[in-house]
Amino acid sequence: MPRLKPPTKEESQLLPLFAALPDHAIVLPASDAAFAQARQALLAQHALGFDTESKPIFSTHQVDTGPHLVQLATPDAAWLLQLHHPQALALAREVLSHPGICKVGFGLDNDQATLPRRLGCELVNVLDLDRVFKQQGYGASTGVRAAMALVLGQNFHKSKKQSTSNWAALQLSPSQLRYAANDAHGPALVYAALPAWLARQPAPAAQRPRRPRPAQDTRA
């Protein structure tokens with residue numbers, strides 16, 4: 001069965017632009033009260049879009065100290081947890097190890113390898129949406145851009161400049177905050193719309209049974 005091809009970057013650019021979260025829906029907790037509110041909101045969810053950001057490494061002599069930021073989102077809001085902050089680290093640990101909250105994202109293999117060391121706990125109930133699309137006949141790495149085009153018919157743009165910016169900085173720029181929020185908000189939207197999209201997909205074609213080989217004559 002031939003592999004299905006998701007929309008290309010050029011095809012995605014012809015679609016309506018992804019409706020990003022407004023700035024007031026992007027939460028970067030820094031005070032005791034803000035962390036308490038974030039904890040209450042996050043632990044009330046059954047599913048959260050999930051991603052991380054790390055300071056890029058440009059030399060083999062540099063030590064990787066990331067991830068530095070954990071992003072969690074619903075279709076309506078996003079929370080950005082800077083892991084240098086002890087309360088952010090504790091909240092990320094609590095949410096990502098919570099069995100009752102499904103954390104959804106794309107390309108999570110690296111996150112699942114590095115975050116347990118950073119957080120000191122195993123990640124529980126994590127769904128890599130790339131695997132869902134692979135089951136539908138797409139490649140192993142569909143990614144959030146192509147998934148947004150497939151499921152929601154929207155153009156999800158990612159800035160290369162922001163992706164390689166300093167995510168270990170104590171003060172993140174407004175552009176970094178929006179980029180990071182989008183990376184968790186996108187998966188949250190795809191996951192919410194996924195059941196309806198899957199219901200519209202044709203059933204996979206049944207594989208034809210192989211014709212049995214003729215028995216060999218073993219007589220002398």
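³J(HN,Hα) across the stretch 111-120 via Karplus (A = 6.51, B = -1.76, C = 1.60, θ = phi - 60°), whole Hz, x for Gly/Pro?
4, 6, 8, 9, 5, x, 5, 6, 8, x
Over the stretch 20-120, what lengths in whole Å, largest first, do the semi-axes of the equivalent ellipsoid take, defined as the square roots of 5 times the eigenvalues of the alpha-carbon gyration tensor?
Each semi-axis is √(5λ); the values are 23, 15, 14 Å.
At a 1.4 Å probe, what is the % contribution of carbon and sulfur to the accessible area of the chain?
Carbon and sulfur atoms account for 54 percent of the accessible area of the chain.
Please compute, over every Cα-Cα pair in the chain, the percentage with a separation greater than 27 angstrom.
Value for the chain: 37 percent of Cα pairs lie more than 27 Å apart.
Using the Karplus curve 6.51 cos²θ - 1.76 cosθ + 1.60 with θ = phi - 60°, what ³J(HN,Hα) values do you get for each residue of the stretch 175-184, in whole Hz, with x for Gly and Pro?
5, 5, 4, 5, 4, 5, 5, 4, 5, 9
Which ³J(HN,Hα) values, rounded to whole Hz and listed in residue order, are derived for the stretch 138-145 from phi using the Karplus coefficients 6.51, -1.76 and 1.60 in 6.51 cos²θ - 1.76 cosθ + 1.60 with θ = phi - 60°, glycine and proline given as x?
So the J values, rounded to whole Hz, are 8, x, 6, 10, 5, x, 5, 4.
Could you tell me the relative contact order of the chain? Use alpha-carbon pairs under 8 Å, at least six residues apart, and round to a whole percent.
The normalised contact order for the chain reaches 29 percent.
Amide H to amide H, which residues 5 or more places from Val104 or on other chains are under 5 Å from it, using H placed in the peptide plane?
Leu48, Gly49, Phe50, Leu127
Could you provide, to the nearest whole Å², the per residue accessible area of the stretch 134-210 with probe 1.4 Å?
56 Å²
Given a 1.4 angstrom probe, what's the average accessible area per residue across the stretch 23-105, in square angstrom?
Result: 46 Å² per residue.
Considering the dipole of the chain built from charges on the beta carbon (Lys and Arg +1, Asp and Glu -1) around the Cα centre, which of Val144, His98, Leu72 is farthest to its positive end?
With unit charges placed on the Cβ atoms, the residue in question is Val144.
222 nm [θ] for the chain, helices only, -39500 (n - 2.57) per DSSP H run of 4+, per residue, to 500?
It comes out at -11000 deg cm²/dmol, rounded to the nearest 500.
Using a cut-off of 13 Å between beta-carbons, work out the net charge of the residues near His84 (Lys and Arg +1, Asp and Glu -1, His84 not included).
Cβ neighbours under 13 Å give a net charge of +1.
Using amide H atoms built in the peptide plane, which far-off residues or other-chain residues are under 5 Å from Val27 H to H?
So Val27 has HN proximity to Ala78, Trp79, Leu80.
Return the FRET efficiency for the residue pair Gln13, Lys161: r is the Cβ-Cβ distance, R0 is 22 Å, and the value is rounded to the nearest 0.05.
E between Gln13 and Lys161, to the nearest 0.05, is 0.80.
Rounded, prolate or oblate: which fits the stretch 101-191 when a ≥ b ≥ c are the square roots of the eigenvalues of the alpha-carbon gyration tensor, with rounded for a/c under 1.5 and prolate only if a/b beats b/c?
Verdict is oblate for the stretch 101-191.
The values are calculated or read from the model by the stated rules, or taken from the named source; none is laboratory data. These numbers were taken from a predicted model, which means no experiment stands behind them. FYI the Cβ positions are ideal-geometry reconstructions off the backbone, even for glycines, and counts take in every protein chain you see. Accessible surface is based on the protein model in full, side chains and every heavy atom, while ligands, DNA and RNA are left aside. Shrake-Rupley method; radii C 1.70, N 1.55, O 1.52, S 1.80 Å.
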